[in-house]
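The values are calculated or read from the model by the stated rules, or taken from the named source; none is laboratory data. Computed from a predicted model, the values in this text were never measured in an experiment. When we count neighbours, we look across all protein chains shown, and the Cβ atoms used for this are built from the backbone with ideal geometry, even at glycine.
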Amino acid sequence: MKSKYPSLVKVGNQIRELRTSKGLSQEAFADTIGLDRSYMGGIERGERNIASMNLIRIAKGLNVEVGELFPPIKKLQD
């Protein structure tokens, strides 16, 4: 399924890269931050428009600044 919002896919890819670079499985990470694994999968596939509070939870769980969850703005232009 192709996302209507390519920027969400790019954000999801950035989050996935950060998570995997820290050696965290999607299931274990989602459990740690209190999100459902299927919701986390939807984020990483760009199927979900993430609420601010969930962005904060993800950033805290990855020990990064919220801004690091986003790729450079030049890559987000559709």
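Just the residues that are exposed (fewer than 11 other Cβ atoms within 10 Å of the Cβ) and under 12 Å from Phe29 (Cβ atoms), please, taken from segment 43-67.
Asn63
Checking the conditions here, which among Gln14, Gln26 is within 9 Å of the chain's Cα centre (by Cα), surrounded by 14 or more Cβ atoms within 10 Å (Cβ to Cβ) and modelled with pLDDT of 95 or more?
Being within 9 Å of the chain's Cα centre (by Cα), surrounded by 14 or more Cβ atoms within 10 Å (Cβ to Cβ) and modelled with pLDDT of 95 or more holds for just one of Gln14, Gln26, which is Gln14.
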